[in-house]
Amino acid sequence: MNKRFASVLSILILCLISCSENETEKPNHGFDLPGIWRFQPGDSLEWANPEFADTNWNALEVPGNWENQAFPRLDGFAWYRLHFDLPAEYLAEDVVFILGQINDTDETFLNGQKIGGMGDSEKGESAHKFTRKYPVEKRLLKPVNNVMAIRVFDMGNLGGIVRGPLRVVKKSNLVEYQRPTGLKPPVTPEWAYEPWIWEDDENTQAAVMSLVGGYETHSIPVGAVIIDSPWATAYNTFVFDSVRYPDPQSMIEILHQKGIRVICWFTCMINNDAPTYNEARRRDFFLNDAEVFEWWKGKGSHIDYTNPEAVAWWHRQMDRVFDLNIDGWKVDNSETYVPDFSKCFRGEISKREYTVLYYRDAHQYTIMRSPDAITLARSVDYSDREDDPEYSPIDCTPASWVGDQRHDFSARGFGEALRNIFKAAEVGYHFVGSDIGGFNGGPELTKTVFLRWAQFSAFNPLMLNGGVGEHRPWKFDSQTTEVFRYYATLHSELVPYLYSYGIHAHRTGEPIIRPCETGKWQFRLGNELFISVLHNQESRRIVHFPEGEWIDYWDESKTYNGPDSVEYEAPLLRYPVFIRSGAILPLRVQDEITGHGSADAAQFLTLLVYPAAESDFTYYPDPDTSVRFESNFTGEELVIGFDAIKTPLIFRIHLNQPPLELKLKSGSDLPALETMDAWKSAENGWLYDGPKKKLLVKCPGENGDSILAKF
């Protein structure tokens with residue numbers, strides 16, 4: 001890719017980002033504070049009293065936002081006061097007042113009571129770069145004549161409230177405040193649904209290859225590996241450190257030969273010790289005149305995504321790694337360190353606007369370079385961002401994880417992962433997961449925490465194992481290896497099912513994980529599977545079933561009816577997983593580990609079918625092709641129809657008795673087979689497996705057909 005084309009490409013991406021923002025992002029603004037504000041230089045705490053008469057103060061007409069409304073050359077104290085009414089809907093619950101950016105410190109009062117303050121005038125600490133967000137209990141609110149008084153101290157320059165929103169947001173809506181509405185997730189490539197792995201103890205080429213080799217030795221499937229930081233010569237040069245990674249090209253080629261995709265880590269900052277930093281600073285490619293911020297990887301400045309030349313230059317840095325044929329990026333957090341408002345190429349930008357530009361540019365340039373590549377970014381992470389837990393916008397997040405948790409079941413460990421994942425699903429992120437066993441912190445990772453987290457993650461779109469400390473299952477014991485292998489294999493088998501729901505999410509906005517209204521930490525994975533999470537040391541829990549009939553995954557002779565509740569026992573090998581009666585589940589089976597087939601099924605698409613009246617499933621082999629499967633069971637007759645599909649099919653149909661007659665509607669050959677060996681070697685045919693109560697059918701799919709069985 002030549003430099004001129006790359007520059008044009010970067011500008012095009014920037015335009016697409018801006019258009020996307022203008023067309024689809026419609027913030028939930030809340031209630032704008034109206035009317036006439038009063039302003040008075042000087043200082044008296046009496047001015048916080050709602051009864052104080054301020055009619056002789058200077059009047060300021062203010063719309064929904066302040067824009068340099070302070071008087072010039074203010075130095076020292078001044079007060080702003082506002083009288084306002086509130087609609088009834090804002091009196092029924094606690095609210096948050098959003099009060100813009102203030103030079104330099106403030107104390108804010110509502111109806112005579114202090115509700116917040118930022119900065120410290122005595123210490124000379126300014127908080128002028130941050131938007132005030134002050135929670136207020138509903139008992140302080142009145143329907144008419146509320147009085148807000150803001151005591152401002154300015155250390156010189158231009159004082160007062162200088163920019164940003166002035167409004168009231170319901171506390172229950174704060175997470176949605178300024179969140180884009182109506183966005184649908186992008187298409188996630190099928191390979192990304194395979195299990196992911198990584199390590200964060202050695203961060204070397206040798207460690208990566210040893211990790212991959214360990215999974216290979218223990219027959220645990222792997223679809224992607226993350227090369228996490230530090231991997232580059234500095235943050236973020238996009239040049240591999242030759243000591244840590246002496247031959248990255250060879251490493252990537254070997255991993256690709258094994259069917260494993262490669263993801264590299266980056267953020268939107270360049271550290272000031274990086275060899276590229278001075279060039280970017282000289283060319284004004286940073287926010288805030290290259291102001292240096294201390295962050296968790298050192299000290300650096302933020303790339304200015306509003307500057308087309310900066311973006312083109314940034315893309316050329318990324319190209320150094322793209323040219324090695326990587327498969328995407330782990331786009332990590334450094335935008336948190338951006339002030340609430342920043343100076344930029346186009347003038348000024350808010351933190352949220354910058355965040356959107358960062359993640360959107362990473363996604364759009366990645367898929368422009370390689371349509372099958374991906375970006376992995378945070379979706380929801382409540383850690384340190386209780387009031388604003390969302391990171392990457394939904395429509396540019398093909399894959400997401402939910403931040404860093406501790407190695408335990410606590411509210412900062414597995415409990416936080418559950419909270420983040422359920423919230424992410426609730427707001428519309430479709431491809432979500434967490435670091436199995438937690439990323440870092442807390443006690444040493446135990447076998448129970450590791451396996452229960454792994455079992456849960458097997459039923460997430462993203463199954464991700466890695467972090468600081470021991471995460472390799474074979475380093476615990478043989479049972480841990482066996483259990484982890486089973487669930488990683490099951491997750492891999494579910495890829496056609498998960499991918500189909502990923503396409504459904506892209507088309508409709510409906511997520512793959514669907515939290516249940518009843519029962520703590522319960523969800524449906526798509527429509528066919530129901531999971532009740534084991535979220536502590538206990539091996540049993542009360543399961544509250546959704547409406548309908550549910551089949552125990554581990555013992556298909558057992559069924560449960562919603563909305564019943566039962567106490568369910570799950571020893572360490574098992575997890576509370578249930579299949580909807582009537583379900584049709586497409587699987588990709590490669591071996592015998594889960595019992596859903598054997599190696600002879602590798603070239604087939606396997607369908608698990610649980611007949612019950614009428615049901616259907618739409619399978620997507622790719623984003624533009626749909627294949628509909630239908631099942632109709634009367635008790636005396638079973639009809640399973642399917643559209644044309646290039647892949648031959650295996651049906652594993654759960655039935656308590658063998659059919660009296662079975663054929664294909666088209667009349668194609670479908671012989672009855674006598675033994676399992678004959679079944680495994682045949683291209684077409686059927687067999688009833690009595691002990692497992694499974695009717696097994698092999699048939700071609702290329703012309704579409706129907707299976708007809710009579711009982």
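The values are calculated or read from the model by the stated rules, or taken from the named source; none is laboratory data. As the structure is a computational prediction, the values presented were derived from the model and not from experiment. All Cβ positions, glycine included, derive from the backbone under ideal geometry; neighbour counts span all protein chains shown. Just the protein is used for accessible areas: all its heavy atoms, side chains included, with ligands, DNA and RNA removed. Shrake-Rupley method; radii C 1.70, N 1.55, O 1.52, S 1.80 Å.
Where does the chain land at 222 nm, in deg cm²/dmol rounded to the nearest 500, when only DSSP H runs of n ≥ 4 count, each adding -39500 (n - 2.57), divided by all residues?
Here the helix-only value at 222 nm equals -6500 deg cm²/dmol.
Output the 0 to 90 degree angle, nearest 10, between the alpha-carbon long axis of helix 248-257 and the longest principal axis computed from the alpha carbons of the chain.
Orientation of helix 248-257: about 40 degrees from the principal axis.
Compare E279, E426, E335 by solvent-accessible area with a 1.4 Å probe and give them largest first, with all protein chains kept in place.
Ranked list, largest accessible area first: E426, E279, E335.
Using the heavy atoms of the protein chains alone and a 1.4 angstrom probe, what is the accessible area of the chain per residue in square angstrom?
Each residue of the chain exposes 40 Å² on average to a 1.4 Å probe.
Using θ = phi - 60° and the Karplus relation 6.51 cos²θ - 1.76 cosθ + 1.60, list the HN-Hα couplings for the stretch 369-382 in order, rounded to whole Hz, with x at every Gly or Pro.
Result, ordered by residue: 6, 8, x, 8, 8, 8, 10, 10, 9, 5, 9, 10, 8, 6 Hz.
Ranked by accessible surface with a 1.4 Å probe, highest first, in what order do R282, R524, R81 come?
Heavy-atom accessible area, descending, gives R282, R524, R81.
Rank these by accessible area, largest first, 1.4 Å probe: M676, M318.
I get M676, M318, largest accessible area first.
Over the Cα atoms of the stretch 305-413, Rg to Rh with Kirkwood Rh, two decimal places?
Here Rg/Rh amounts to 1.01.
What angle, in degrees between 0 and 90 and rounded to the nearest 10, separates the Cα long axis of helix 205-217 from the longest principal axis of the Cα atoms of the chain?
30
Divide, for the stretch 366-519, the radius of gyration over alpha carbons by 2.2 N^0.38 Å, where N is the residue count.
1.04
Would you grab the residues whose amide H sits under 5 Å from the one on Y688? Only those 5+ places off in sequence or on another chain, please, with H modelled 1.01 Å from N.
Those qualifying (amide H under 5 Å, at least 5 residues apart or on another chain) are L696.
Under 1.5 on a/c is rounded, so check that first for the stretch 385-453, then, if it is not, pick prolate when a/b is larger than b/c and oblate when it is not; a ≥ b ≥ c are the square roots of the alpha carbon gyration tensor eigenvalues.
prolate
Using the alpha-carbon atoms, what tilt in degrees (0 to 90, nearest 10) does helix 308-322 show relative to the longest principal axis of the chain?
With both axes taken from Cα atoms, the answer is about 30 degrees.
How far, in nm, would the chain grow between A682 and D669 when pulled straight, counting 0.36 nm per residue and subtracting the alpha carbon separation?
Length gained, A682 through D669: 3.5 nm.
Amide H to amide H, which residues 5 or more places from W231 or on other chains are under 5 Å from it, using H placed in the peptide plane?
Correct list: empty.
Starting from the Cα gyration tensor of the stretch 596-648, take the square roots of the eigenvalues, sort them a ≥ b ≥ c, and report rounded, prolate or oblate (rounded when a/c is under 1.5, otherwise prolate if a/b is larger than b/c, else oblate).
oblate
For Cα extents along the principal axes in Å, several values are listed as [x] 131, 53, 44; [y] 98, 60, 47; [z] 119, 61, 41; flag the one computed from this structure.
Among [x] 131, 53, 44; [y] 98, 60, 47; [z] 119, 61, 41, the one derived from this structure is [y].
Give the relative contact order (percent, whole number) for the chain; include only Cα pairs under 8 Å separated by 6+ residues.
9
Give me the percent of the accessible area of the chain that comes from carbon and sulfur atoms, probe 1.4 Å, all protein chains in place.
Roughly 47 percent, rounded to a whole number.
Quick one: grab the alpha carbon gyration tensor of the stretch 612-690, order the square roots of its eigenvalues as a ≥ b ≥ c, and give me rounded if a/c is under 1.5, else prolate or oblate depending on whether a/b is larger than b/c.
In terms of gyration-tensor shape, oblate.
Under the rule of at least 5 residues apart or a separate chain, name every residue whose amide H is placed under 5 Å from the amide H of I374.
It is G328, W329, by chain and number.
Give the share of C-alpha pairs in each 5 angstrom bin for the stretch 517-615, from 0 to the last occupied bin, in whole percents, shortest bins first.
3, 12, 21, 22, 18, 14, 7, 3, 0
Count neighbours as other Cβ atoms within 10 Å of each site's Cβ, and list the chymotrypsin sites (Phe, Trp or Tyr not before Pro) in the stretch 257-303 that are DSSP loop with at most 11 such neighbours.
Taking the stretch 257-303 and a limit of 11 other Cβ atoms within 10 Å, the loop chymotrypsin sites (Phe, Trp or Tyr not before Pro) found are W296.
What pairs in K558/K694; K170/K351; K123/K343; K646/K710; K258/K680 have C-alpha atoms more than 18 Å from each other?
Listed pairs above 18 Å: K170/K351; K123/K343; K646/K710; K258/K680.
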